[in-house]
Amino acid sequence: MSALSDNLVTFAILAYLVAMIGHAVEYALGNVRTRVAVVAPVRELVGAGGGVVPAPPAPVPAPPTADRSAWRARLAGLIGVGATAVAAVLHLAALVTRGLAADRMPWGNMYEFVLTVTFIGVAAWLVVLWKRPSLRKLGLFLTLVMVLLVATAELVLYVPIVPLVPALNSYWFVIHVSTIVFASGIFLLGVVPAVGFLMRNGYEQGKRSFPYTLAKRLPGAAGLERLTFALHAFAFPIFTFAVIAGAIWAEAAWGRPWGWDPKETWAFISWVVYAGYLHARATPSVKRNVATWIAVLGFLTMLMNLFGVNIFFTGLHSYGGLD
């Protein structure tokens with residue numbers, strides 16, 4: 001069962017790669033528009049006063065090649081969405097088989113945690129895409145993130161299945177870790193439209209240097225910003241509950257609710273930064289791009305808590321599984 005899980009993760013990475021290529025093709029061909037060519041007037045009309053009034057120019061339909069390119073772009077985008085859905089199914093199957101092989105929830109180390117967070121992110125993306133198909137071109141950036149994170153988990157963070165650390169054998173393991181995983185997955189998804197908004201907003205303001213040109217074919221900045229806010233506003237209360245649940249678990253396990261352990265400290269930093277984003281977003285005098293930068297900073301603190309703390313620090317939460 002463990003080997004099956006490993007193989008499913010590999011197939012999921014390949015499917016995410018296919019999805020990314022499909023979205024990239026759509027992105028590259030997405031600037032095709034049905035153009036209307038104008039030719040010289042072919043006839044003249046005589047006005048009531050005897051003057052000659054030129055007739056309106058006759059439109060010429062767009063060439064068939066433009067229609068074919070637009071069709072191919074749409075097909076590539078739909079293939080990208082389909083491959084993303086297939087990858088998500090393989091991803092979920094890998095988690096389920098890993099959990100069955102370990103006889104526990106698959107959240108015991110960094111490898112399993114990253115796999116679960118990325119699955120939550122892609123599942124939430126499919127829900128968003130079902131509600132708002134116009135956001136499909138964001139799929140290029142979402143699948144890029146999936147390929148990078150899942151491949152990193154498989155190639156760098158992988159560890160064999162081992163029993164849980166004794167301190168984790170508690171019902172709080174399910175309560176605390178499930179909510180922290182869910183919130184982290186939504187934050188992961190939220191950073192994609194956040195970065196997209198920053199690039200698209202700059203492009204709409206006339207910036208034509210890299211990376212703003214990457215946003216030429218993205219949806220409008222206003223819509224991306226609203227999606228960023230909605231995702232963060234949804235995830236923040238769940239993250240808050242996860243931190244509180246962790247403190248209650250720490251009281252039961254270690255005799256104190258808070259000890260400024262490195263992971264506790266960085267969780268608090270993330271909470272403060274995300275609270276600052278929501279406050280800035282609700283303050284009319286704060287520009288939307290400034291608030292969005294705070295959201296991006298919040299995700300960087302989450303990455304620090306996941307990777308940096310487990311790799312560079314030692315504490316009571318050192319369950320990363322890496323040597």
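The values are calculated or read from the model by the stated rules, or taken from the named source; none is laboratory data. Since we're looking at a predicted model, the values are computed, not measured. Here the Cβ is made from the backbone with ideal geometry for all residues, glycine too, and neighbour counts use every protein chain on show. The accessibility values were calculated without ligands, DNA or RNA, using every heavy atom of the protein model including side chains. Shrake-Rupley method; radii C 1.70, N 1.55, O 1.52, S 1.80 Å.
Please go through region 199-210 and give me each residue that is over 18 Å from the mean Cα position of the chain (by Cα) and open to solvent by less than 50 Å² (accessible area, probe 1.4 Å), ordered by number.
Applying the first criterion (over 18 Å from the mean Cα position of the chain (by Cα)) to region 199-210 yields 201-210.
Answer for region 199-210, where residues must be over 18 Å from the mean Cα position of the chain (by Cα) and open to solvent by less than 50 Å² (accessible area, probe 1.4 Å): N201, G202, Y203, G206.
Residues checked against (1) touching a residue at least 40 places away in the same chain (Cβ under 8 Å); (2) open to solvent by less than 40 Å² (accessible area, probe 1.4 Å); (3) not in a helix (DSSP H, G or I):
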| position | (1), (2), (3) |
| --- | --- |
| A153 | yes, yes, no |
| I161 | yes, no, yes |
| L164 | yes, yes, yes |
| V174 | yes, no, no |
| S184 | yes, yes, no |
| G190 | yes, yes, no |
| P193 | yes, yes, no |
| F197 | yes, yes, no |
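Quickly run through region 137-146 and pick out the residues that are out of contact with any Lys or Arg (no Cβ under 9 Å at 6 or more places or on another chain) and either without any contact (Cβ under 8 Å) to a residue 12 or more places away in the chain or crowded, with 19+ Cβ neighbours inside 10 Å (or both). Residues satisfying the conditions are L138, G139, L140, F141, L142, T143, V145, M146. Just one of the numbered conditions (1) aromatic (F, W, Y); (2) in a loop (DSSP other than H, G, I, E, B); (3) modelled with pLDDT of 95 or more is not true of F236: (2). Picking from residues in region 220-278 that are open to solvent by less than 30 Å² (accessible area, probe 1.4 Å), charged (D, E, K, R) and in contact with a His (Cβ under 9 Å, 6 or more places away or on another chain), the one that is farthest from F197 (Cα to Cα) is D261. Restricting P54, P41 to residues that are open to solvent by 80 Å² or more (accessible area, probe 1.4 Å), touching a Pro at 6+ places or on another chain (Cβ under 6 Å) and at pLDDT below 90 narrows the list to P54. Considering each residue of region 130-141 in turn, none proves to be outside any helix (DSSP H, G or I), modelled with pLDDT under 95 and touching a Ser or Thr at 6+ places or on another chain (Cβ under 8 Å). Taking the conditions exactly as written (at pLDDT below 95 and among the hydrophobic types (A, V, I, L, M, F, W, C)), does V195 satisfy them or not? Spelling it out, it is not the case that V195 is at pLDDT below 95 and among the hydrophobic types (A, V, I, L, M, F, W, C). In region 217-238, the residues that are over 26 Å from R74 (Cα atoms) form Cβ pairs under 7 Å with partners that are part of a helix (DSSP H, G or I) and not hydrophobic (A, V, I, L, M, F, W, C), at six or more places apart or across chains, as follows: F229/R281; L231/G190; H232/G190; H232/Y274; H232/Y277; A235/G190; F236/Y274; I238/T179.
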